[in-house]
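Structure first, commentary second.
The values are calculated or read from the model by the stated rules, or taken from the named source; none is laboratory data. Keep in mind that what you see is a predicted model, and the values were worked out from it rather than measured. Reconstructed Cβ throughout: ideal geometry from the backbone, glycine too, with neighbour counts over all protein chains shown. Just the protein is used for accessible areas: all its heavy atoms, side chains included, with ligands, DNA and RNA removed. Shrake-Rupley method; radii C 1.70, N 1.55, O 1.52, S 1.80 Å.
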Amino acid sequence: YFFSFIIRNGDLYGFGVNDTCQLGIGNSLNQPRPILMDRNVVFDGRSVIMTGAGMGHAGCVTCDGSLYMWGSGQFGQLGLGDLISSARVPHLIPRQVFGDSPVVISRHCNTVQHT
């Protein structure tokens, strides 16, 4: 059980359970209060415009259309091309995966096991 949100300036925060590094903060310690994912360190200074989450993993899109994923990847749900157990920090998904195009925002409903 975890939650992430974006504030007006494009900063991304998260809190809650972090056993599979789903908060993307570099460790697996649960966070009882919102913690900032520093965009200058994690997202090359880009503002976050959308975030989504599934069971044990999360992702976001930045203002330039870049897609980042982190957390549990044991079933390939991070899109990193392998079945890693977890990504402790956000990983940029290469644009070649999308034909060098930025990610287009779409609305969706999160379910327990899908982002």
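Selection of region 24-55 for residues being in contact with a Phe, Trp or Tyr (Cβ under 6 Å, 6 or more places away or on another chain) and either within 21 Å of residue 79 (Cα to Cα) or of a type in the set (S, T, N, Q) (or both) yields 24, 31. Would a scan of region 50-60 turn up a residue that is out of contact with any Asp or Glu (no Cβ under 6 Å at 6 or more places or on another chain), open to solvent by 10 Å² or more (accessible area, probe 1.4 Å) and within 13 Å of residue 10 (Cα to Cα)? Yes: one or more hits. Within region 1-35, the set of residues being assigned to a strand (DSSP E or B) and either open to solvent by less than 40 Å² (accessible area, probe 1.4 Å) or of a type in the set (Asp, Glu) (or both) comprises 4, 12, 14, 16, 31. Among the conditions (1) modelled with pLDDT under 95; (2) among the small types (Gly, Ala, Ser); (3) closer than 24 Å to residue 84 by Cα, the only one that residue 45 does not satisfy is (3). Sub-6 Å Cβ pairs linking a first residue in region 26-54 that is over 18 Å from residue 1 (Cβ atoms) to a second residue that is crowded, with 16+ Cβ neighbours inside 10 Å and among the aromatic types (Phe, Trp, Tyr), at least 6 apart or interchain, are 36/13, ordered by first then second residue.
Among residues belonging to region 36-53 that are outside any strand (DSSP E or B) and β-branched (Val, Ile, Thr), point out the one that is farthest from residue 92 (Cα to Cα). Here the answer is 41.
For region 68-86, the set of residues classified as open to solvent by 40 Å² or more (accessible area, probe 1.4 Å) and closer than 22 Å to residue 99 by Cα consists of 77, 79, 80, 81, 82, listed by residue number.
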